[in-house]
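The values are calculated or read from the model by the stated rules, or taken from the named source; none is laboratory data. Quantities reported herein were computed from a predicted structural model and do not represent experimental measurements. Here the Cβ is made from the backbone with ideal geometry for all residues, glycine too, and neighbour counts use every protein chain on show. Only protein heavy atoms, including side chains, enter the accessible area calculation; ligands, DNA and RNA are left aside. Shrake-Rupley method; radii C 1.70, N 1.55, O 1.52, S 1.80 Å.
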Amino acid sequence: MAATPSVLVFDVNETLIDIESIAPLFGELFGDERVLREWFGQLVLYSMTATLADHYVDFFALGQGVLRMLADIHGLDITDGDLHRLESHMRTMPAHPDVEEGLTTLRDNGFRLATLTNSPHRPLAMTPLEHAGLAGFFEQQLSVEACRAFKPSPSVYRYACQMLGVQPGDCMMVAAHVWDTLGAQNVGFSSALITRPGNPPLPVEGLPQPTLVVSDLRQLAERLGAGPS
């Protein structure tokens with residue numbers, strides 16, 4: 001890296017909290033927990049599609065719609081109760097086991113920490129980070145709903161810089177998804193790819209590669225060292 005970033009902006013879903021915790025619901029509904037990955041891939045696809053087509057609905061509502069779509073594909077019936085259970089699970093996923101230790105080290109080393117998520121923040125409802133016991137690590141929990149666009153829209157990352165009072169070059173996007181690191185790098189962030197299971201780098205010539213590739217947040221803290229100067 002040319003310079004150590006002073007602000008670390010974290011994705012939430014799968015980067016900090018474990019979406020595999022929802023797998024038993026998909027096993028119950030579809031008879032195969034692996035349908036979780038089909039659902040999540042379609043959810044990301046249609047969030048991007050909605051943004052490119054100048055539409056916006058919140059991520060949880062979109063997730064419920066994608067569940068209904070998959071049920072049609074698989075010839076299954078989904079009830080309103082199933083949709084409510086999915087939203088409840090999306091709000092209450094646990095943290096990955098490395099996250100608390102990694103965030104503690106990064107915070108103690110002087111990094112500013114914030115999150116930027118596709119998930120909405122609803123009035124009077126706890127955020128997924130609050131449910132996971134991680135909210136206290138972050139100076140701001142930012143949601144794309146303020147932009148009415150999903151990542152990797154450039155407007156989302158610029159909004160984060162505006163809210164944090166920093167320039168893109170001050171920031172590193174920390175995410176488990178290459179589409180998120182690419183979006184952040186497009187506006188001038190550096191990036192760290194967390195290689196959660198099923199999320200390796202994308203080795204394509206002509207596409208920017210992440211600044212750092214690490215297995216978890218403990219390794220990220222080790223690679224970033226003593227913090228910003």
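In the stretch 173-229, the portion of solvent-accessible area held by carbon and sulfur atoms comes to 54 percent [1.4 Å probe, whole percent, DNA, RNA and ligands not counted].
Here the contact order of the chain, divided by its residue count and restricted to Cα pairs under 8 Å and six or more residues apart, works out to 26 percent.
A Cβ-based charge dipole, computed about the Cα centre of the stretch 34-180 with Lys and Arg at +1 and Asp and Glu at -1, lands at about 220 debye. Distance from the Cα centroid of the stretch 156-205 to that of the stretch 1-43 is 16 Å (rounded to whole angstrom).
Between amide H atoms placed 1.01 Å from N, distances below 5 Å from Thr117 occur with Leu142, Ser143, Val144, all of them 5 or more places distant or on a separate chain.
Rolling a 1.4 Å probe over the heavy atoms of the protein chains gives the stretch 161-214 an accessible area of 42 Å² per residue. Relative to the longest principal axis of the Cα atoms of the chain, the long axis of helix 80-91 lies at roughly 10 degrees. Under 5 Å from the amide H of Glu14 lie the amide H atoms of Ile19, each residue being 5 or more positions distant or on a separate chain, with H modelled from the backbone and absent for Pro and chain starts.
Angle check, please: helix 99-108 long axis (alpha carbons) against the longest principal axis of the chain (alpha carbons), in degrees 0 to 90, nearest 10. Compared with the principal axis, the helix lies near 30 degrees.
Residue-wise HN-Hα couplings along the stretch 64-79, as the Karplus relation 6.51 cos²θ - 1.76 cosθ + 1.60 with θ = phi - 60° gives them from phi, are 5, x, 5, 4, 4, 4, 5, 4, 4, 4, 8, x, 10, 9, 10, 9 Hz; Gly and Pro carry x.
Top mean-square fluctuation among Ile22, Ile194, Ile73, Gaussian network model of the chain, C-alpha springs under 10 Å? In the Gaussian network model the winner is Ile73. Derived value for the chain: Kirkwood hydrodynamic radius 18.0 Å. Basis is the mean of 1/r over every pair of different alpha-carbon atoms.
Taking every alpha carbon pair in the stretch 19-91, what does the distance histogram look like in 5 angstrom bins from 0, in percent? Each 5 Å bin holds this share of Cα pairs: 3, 16, 29, 28, 15, 7, 2, 0. Residues whose amide H lies under 5 Å from that of Ser191, counting only those 5 or more places away or on a different chain, are Met173, Thr211, Leu212; hydrogens are built 1.01 Å from N in the peptide plane. Note on the stretch 19-91: with charges restricted to the Cβ of Lys and Arg (+1) and Asp and Glu (-1), its dipole about the Cα centre is near 140 debye.
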